[in-house]
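The values are calculated or read from the model by the stated rules, or taken from the named source; none is laboratory data. All values derive from a computational prediction rather than experimental measurement. Cβ sites come from the backbone with ideal geometry, for glycine too, and all protein chains shown count toward neighbours.
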Amino acid sequence: MKHSFIFSTGSYLFLISIFLMMCKTVNGQETSKVSPPLPDNINKIVSVSCMPCHSSNGGMLSRSKLNFSEWADYSADKQKKKAAKMYKELNKNAMPPKDAREANPDIIPTKEQVEIIKNWADSF
């Protein structure tokens, strides 16, 4: 009795789909590792002026808009958009918010620091 392994068309399609899913997972993992962390000069500013609210320890609304604790997990495109929005908010003095500025004037970034943020945001 001769044994032969004959796969049906459905079996081949199943094996191909598993292979493609594995490739997609690997590619997805690679792209998530490409996102750069915050540069040191930006991290110094963000740590004082932003992270009290925009981190995992911050308020739910603040961290839902931008969470620096998860920055490295953001895609490069999301980081670019968040950096641009961050500069826009800082430039029009909308961030930190007025009540936070009044309670903690030392968290207000200087004009030079806002310019550093602008240059960083433009570099994406």
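Restricting to segment 98-124, and then to whatever is assigned to a loop (DSSP other than H, G, I, E, B) and out of contact with any Ser or Thr (no Cβ under 9 Å at 6 or more places or on another chain), can you tell me which residue is nearest to Cys53 (Cα to Cα)? I'd like the intermediate steps shown before the answer.
Just the residues of segment 98-124 that are assigned to a loop (DSSP other than H, G, I, E, B), to begin with: 104, 108-110, 123-124.
Add one more test, that the residue is out of contact with any Ser or Thr (no Cβ under 9 Å at 6 or more places or on another chain), and what stays is 104, 110, 123-124.
Numbers: Asn104: 13, Thr110: 19, Ser123: 25, Phe124: 24 Å.
If we take residues in segment 98-124 being assigned to a loop (DSSP other than H, G, I, E, B) and out of contact with any Ser or Thr (no Cβ under 9 Å at 6 or more places or on another chain), then Asn104 is nearest to Cys53 (Cα to Cα).
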Check Ser35 against each of (1) modelled with pLDDT under 85; (2) out of contact with any helix residue (DSSP H, G or I) (no Cβ under 8 Å at 6 or more places or on another chain); (3) closer than 23 Å to Asn119 by Cβ and name the one condition it does not meet. (2)
Number of positions in segment 39-72 that are of a type in the set (Gly, Ala, Ser) and within 14 Å of the chain's Cα centre (by Cα): 5
